[in-house]
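Presented below is the structure to which this report refers.
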Amino acid sequence: MERSTSRKLCLSGLALFISGLLPWPIVAGDFGPALRSENTTALFIVGIGALALLVVGATLSVTGYVGALVTLARRSQWAWFALLLFSALTMFAYNFAGPTESTGTAGQSARSCRGGKRA
């Protein structure tokens, strides 16, 4: 997965997740019992919608996170892999300033493996 794809997935997932968190004070009844007793159906619908946003946002973020880990492992970027594995906050640094090239033999092109000769 390319870094731009991972960035799009993680940021859109985070935005959806935060959007899903915003209605919870209303649904939980922090604005008084009068609001809850009159609009039970509307609050239920808002709660289901917020829960859906949370699930979709978390799924997109985790997909981008796992994709970034797989990409780093395939490129043999073990320092970035370890940082990303132990700190999800490193994902933001990876998305904007992470490595774009491979190190080691895992990411070498077929041309360089053949000694530079064209097929």
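None of the figures in this text is laboratory data; all of them are computed from the coordinates on show. Note that this is a predicted model, so its numbers are computed, not measured. Please note: Cβ atoms are built from the backbone with ideal geometry, for glycine as well, and neighbour counts cover all protein chains shown.
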TODO: Tabulate in residue order the Karplus-calculated ³J(HN,Hα) for the range 77-85, using 6.51 cos²θ - 1.76 cosθ + 1.60 with θ = phi - 60°, rounded to whole Hz; enter x for Gly and Pro.
DONE: 9, 6, 5, 5, 4, 5, 4, 6, 5
Task: Fewest-first ranking of Thr103, Thr71, Thr40, using other Cβ atoms within 10 Å as the exposure measure - done: Thr40, Thr103, Thr71
